[in-house]
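Undergrad: Sharing a structure here in structure tokens format.
What follows is calculated from the coordinates using simple rules that are stated; it is not laboratory data. From a predicted model like this one, the values you see are computed outputs, not experimental measurements. Cβ: placed from backbone, ideal geometry, glycine included. Neighbour counts: every protein chain shown.
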Amino acid sequence: MSFRIRLTLAYTGFFALALLLLGWGIYFSVRQALLAGVNRDLWAATRQVRAIFNAGGLEPVRTPTGELDLYLRSEFIQIFNNPNLGAQVFDPNGALLNSTPNLDGRDLPLAASALQLGPDDVGTGLTTTHEIDDVRIESLITPLVLQSNNRVVGYLQISRPLRDVETTLSTLTGILLGGGAIALVLTAAGAAVLSSRALTPIDQVTRTAQSIVRAEDLGQRVPVPPQQDELHRLAVTINELLERLERLFNAQRRFVADVSHELRTPLAAMQGNLEVLERGGLDNPELAREAVADMRRETGRLIRMVNDLLLLAQSDAREQLRCEPVELDTLLLEVYRELRPLAGEVALRIGAEDQVMVQGDRDRLKQALLNLGVNALQYTPPGGHVTLGLEQRDGYALLTVADTGVGISEEDLPHIFDRFYRADRSRSRYSGGAGLGLSIVKRVAEAHNGYATVASAPGRGSTFAIWLPLPPRPTPADAAEQPVLEPAEV
Ligand code: ADP
């Protein structure tokens, strides 16, 4: 069963329940009101007949059968005249003595329990119900009491048929059922239209999602309804999700293409060398030596690249990151010592060196710093300077590697931290880099809740920086500011 039908049924069901309760409430209130009216009629008539009875100068008249028979047989009851009500008088034993003509001989029996009524029950009486010819009749029985000696000398029963009450109630039932049925049909139709209208945008979203799946095109977006409601938010969220998926998917595709491309070059070079060896190169020691040296270089490149890729993958999965106190000043000194043999004619030195401790993974941080140092030495011509620095700034530990090298052009600068990006392909290729060094730096910094920045001016040099939050961590508002070093600070 579709959601639309379930929604319509649920709406209609709830409405039917509400209608049922309302109808039930109306029916019983009207019924109570009508029966209260009947009761009022019965009491009014009872009071009237009792007044006639009491007005009769009531002195007991002795007769052979009983002192009051004569009087009670008298016609006092005939004075009472109401077409809707019948009156009957019974003797103390419950035998009928007299009744009004409108009862037309259809005498109603006196309930046995009425004989228990005493002089004190004049104000309360007893209510009974009879059914004659399918007509319900309500009766009120009260004792007739002689005022002089407070004796019960008979019983008065006033009766009223409930035909009009029942007619009114059955008409009301008809109206409630008929009206309810019409209201229910209208509600079901309205609910069907409303739920169909409400679900149309969701249908659109589903159709778009299906076409995305069919066409494998993450570039499509779901239509966003103009009203700022839940469906608007849903569409916007789905579009954001699609955008993120598209970005990730494209990045992954690019990454696989880049990796294949980077692997192909050294492998092709090695294949060429193997062919040289096969075609007689082995007999020529000079050629063989060259080919083997070449292959060793390419194998070294491959190993470096695979190691870098592994490092990147590990930095992506943050849970593998160790979290221990790291003395950055000691780390900086260690990196300085490892870089010194590579410096050649470049002056490598340490600038500012605060004592700073952060929480993090020492090995990863060292790798990142080494990457920056190696790059700086590589892209700085002989006679230039490379300066390593460490200071505290704005709640961050700031590790810097500044050089006076070739610098980076403005168009390369935004992409410099991308994977496999090389500013000058031929130059980097010669130096053996695959364009992964800086993306490792960025990843490591981000894995420590920090970030990496660069400031550079072509021909003047570059300053790379790693910003690591100092414990306690700064608020997100601080992180948003992300200060950037100026090349002038080189
Ligand atoms: P690679 O392994 O090719 O060096 P990186 O990710 O480390 O890859 O660097 C990417 C590119 O950024 C390099 O190809 C280079 O052109 C440029 N680059 C990196 N560091 C410097 C620097 N200190 N000075 C000038 N250019 C640099």
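Undergrad: What nm value, rounded to one decimal, do you get for the distance between Glu216 and Leu241 when each label is placed 7 Å out toward the C-beta?
TA: It works out to 2.1 nm between the two label points.
Undergrad: Something else about it: In debye to the nearest 20, how big a dipole does the chain give about its Cα centre with +1 on each Lys and Arg Cβ and -1 on each Asp and Glu Cβ?
TA: About 600 debye.
Undergrad: Let me ask something else about it. Find out how many positive minus negative residues lie around Pro201, taking Lys and Arg as positive, Asp and Glu as negative, among other residues whose Cβ is under 15 Å from that of Pro201.
TA: Residues close to Pro201 contribute a combined charge of +2.
Undergrad: A further question on this structure: Counting other Cβ atoms within 10 Å of each Cβ, which trypsin sites (Lys or Arg not before Pro) in the range 242-301 have at most 11 and sit in a DSSP loop?
TA: For trypsin sites (Lys or Arg not before Pro) across the range 242-301 that sit outside H, G, I, E and B with at most 11 neighbouring Cβ atoms in 10 Å, the list reads Arg279.
Undergrad: With a Förster radius of 30 Å, plug the Cβ-Cβ distance of Ser148 and Gln32 into 1/(1 + (r/R0)^6) and report the FRET value to the nearest 0.05.
TA: Working from the Cβ atoms, E equals 0.15.
Undergrad: Residues with beta-carbon under 14 Å from that of Ala111, excluding Ala111: net charge, scoring Lys, Arg +1 and Asp, Glu -1?
TA: Neighbourhood net charge equals -4.
Undergrad: Which value in nm describes the separation of the simple spin-label points at Arg136 and Glu334, placed 7 Å from the Cα toward the beta carbon?
TA: Taking the simple label geometry, Arg136 and Glu334 are separated by 9.7 nm.
Undergrad: Taking a spot 7 Å from the Cα of Met1 along the direction of its beta carbon, which residues of the range 163-186 have an amide N less than 16 Å from it?
TA: The answer is none, because no backbone nitrogen lies closer than 16 Å to the label point.
Undergrad: Hey, another quick one. If you average 1/r over all unlike Cα pairs in the range 170-327 and invert the result, what Kirkwood radius do you get in angstrom?
TA: Evaluated on the range 170-327, it is 23.1 Å.
Undergrad: Give me, ordered by chain and number, the residues 5 or more places off Arg419 or on other chains with an amide H under 5 Å from its own placed amide H.
TA: none
Undergrad: Sticking with this one: Apply the Karplus parameterisation 6.51 cos²θ - 1.76 cosθ + 1.60, with θ equal to phi minus 60°, to every residue of the range 443-452 and state each ³J(HN,Hα) to the nearest whole Hz, in sequence, with x for glycine and proline.
TA: Coupling constants for the range 443-452: 4, 4, 4, 5, 5, 9, 6, x, 7, 10 Hz.
Undergrad: What is the extension gain from Leu321 to Leu115, computed as 0.36 nm multiplied by their sequence separation minus the C-alpha to C-alpha distance, in nm to one decimal?
TA: In short, 64.2 nm is gained.
Undergrad: Can you give me the distance in nm between label points at Glu391 and Thr206, each placed 7 Å from the Cα along the Cα-to-Cβ direction?
TA: Inter-label distance under the simple model: 6.2 nm.
Undergrad: Please say if the range 321-469 is rounded, prolate or oblate, where rounded means a/c under 1.5 for a ≥ b ≥ c the square roots of the C-alpha gyration tensor eigenvalues, and otherwise the choice is prolate for a/b larger than b/c and oblate otherwise? Show your work: numbers first, answer last.
TA: On the way: a/c = 1.70, a/b = 1.35, b/c = 1.26.
Judged from the Cα gyration tensor, the range 321-469 comes out prolate (a/c at least 1.5, a/b above b/c).
Undergrad: Loop by DSSP (not H, G, I, E, B), at most 11 other beta-carbon atoms within 10 Å: where is the longest site-free stretch of the chain for GluC sites (Glu not before Pro)? The partial results should precede the final answer.
TA: On the way: sites that count: Glu216, Glu345, Glu410, Glu411.
The longest such stretch corresponds to 1-215.
Undergrad: Which of Asn150, Gly450, Ala55 sits closest to the plus end of the dipole of the chain, meaning its Cα is farthest towards the positive end, when Lys and Arg get +1 and Asp and Glu get -1 on the C-beta?
TA: Comparing the listed Cα positions along the dipole, Ala55 ranks first.
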